[in-house]
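Peer 1: Provided herewith is a single structure, encoded as structure tokens, for subsequent inquiry.
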Amino acid sequence: MKKEEPRWLMVLKVALPLCLSYVPIGLACGILLNVAGFNTILTGLVSIMVFSGGAQFLIASMLTAHAPLHTVLLMLFFLELRYALLGSSISQYLHHTSRKFLYIFAVSLNDENYAVNYLKFATDKSWTPRNALMIEHYSLLFWTMANIVGSLIGGILTINLSIVDF
């Protein structure tokens, strides 16, 4: 009789291709945030709090161009508005969860883990909201670590920002 693998390992195997894809772009984002003036701790905090590569690149580019903070926030609002649609389409699989769970799920939702989770919910009847949340947290961990390492690398390199126009 084959021993069943732990749930965290099964979910990690599903998440691993997504997580590994975050490494190169996360490194680049961390480097750019460092060049834009973010220290490593702030880069890590932004990675956790925003968890959107597009938004983080937008923040770095707009702050480098000395855009006013209210303009940056307005642009972020419109950029991230798509998550309302993504969240509503996956909500049918989360309707038996608590408000606290929904809040935690919503703040860590992004395009890629949405795609993985939507596919798993649609094709695997044993896929649970808890598994979906683990996908989000694994991808957040890989993204944040790649951003932090990128920030450390950015502290060593000298980069001409004119070549990284958003």
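Peer 1: So, in nm, how far is label Leu74 from label Lys3 when the simple model puts each one 7 Å beyond its Cα toward the Cβ?
Peer 2: 6.0 nm
Peer 1: At 0.36 nm per residue, minus the direct Cα-Cα distance, what do Ile156 and Ala67 gain on full extension? Give it in nm, one decimal, please.
Peer 2: Numbers: separation 89, 0.36 × 89 = 32.04 nm, distance 2.59 nm.
So the chain would gain 29.4 nm between Ile156 and Ala67.
Peer 1: Continuing with the same structure: Fewest first, what order do Phe105, Phe77 take by the number of other Cβ atoms within 10 Å?
Peer 2: Numbers: Phe105 20, Phe77 9.
So the ranking, lowest neighbour count to highest, is Phe77, Phe105.
Peer 1: Cut-off under 20 Å on the C-alpha distance; same-chain residues fewer than 8 positions from Lys13 excluded. Which aspartates and glutamates are left, in chain and number order?
Peer 2: Glu4, Glu5, Asp111, Glu112, Asp124, Glu136
Peer 1: Could I ask something else about it? Could you run the Karplus curve 6.51 cos²θ - 1.76 cosθ + 1.60 with θ = phi - 60° over the range 6-12 and give me ³J(HN,Hα) per residue in whole Hz, x for Gly and Pro?
Peer 2: x, 4, 4, 6, 4, 5, 4
Peer 1: Summing +1 for each Lys or Arg and -1 for each Asp or Glu, what net charge is found among the other residues whose Cβ lies under 12 Å from the Cβ of Trp127? Can you show the working numbers first?
Peer 2: On the way: positive: Arg7, Lys120, Lys125, Arg130; negative: Asp124.
Once positives and negatives cancel, what remains is +3.
Peer 1: Just to check I understand the Karplus step: with θ = phi - 60° and J = 6.51 cos²θ - 1.76 cosθ + 1.60, what whole-Hz values come out for the range 135-146, glycine and proline as x?
Peer 2: Per-residue couplings from phi come out as 4, 4, 6, 4, 5, 5, 4, 5, 4, 5, 5, 5 Hz.
Peer 1: May I ask you to derive the relative contact order of the chain, considering only C-alpha pairs under 8 Å and at least 6 residues apart, and to give it as an integer percent?
Peer 2: For the chain, the relative contact order is 47 percent.
Peer 1: Each label point is 7 Å from the Cα along the Cα-to-Cβ direction; what then is the distance between the points at Asn39 and Leu119, in nm?
Peer 2: It is 4.1 nm.
Peer 1: Ratio of Rg to Rh for the chain, alpha carbon only, Kirkwood?
Peer 2: Numbers: Rg = 17.4 Å, Rh = 17.0 Å.
That ratio is 1.03, to two decimals.
Peer 1: Angle, helix 40-50 long axis vs. longest principal axis of the chain, Cα atoms, 0 to 90°, nearest 10?
Peer 2: With rounding to tens, the tilt is 50 degrees.
Peer 1: Counting other beta carbons within 10 Å of each Cβ, put Phe51, Phe101, Phe38 in order, fewest first.
Peer 2: On the way: Phe51 20, Phe101 14, Phe38 23.
Fewest-to-most ranking of Phe51, Phe101, Phe38: Phe101, Phe51, Phe38.
Values in this text are rule-based calculations from the coordinates and carry no lab data. It should be emphasised that the depicted structure is a prediction, and the values quoted were computed from it without experimental measurement. Quick reminder, even Gly has a Cβ in these numbers, built from the backbone with ideal geometry, and neighbours come from all protein chains shown.
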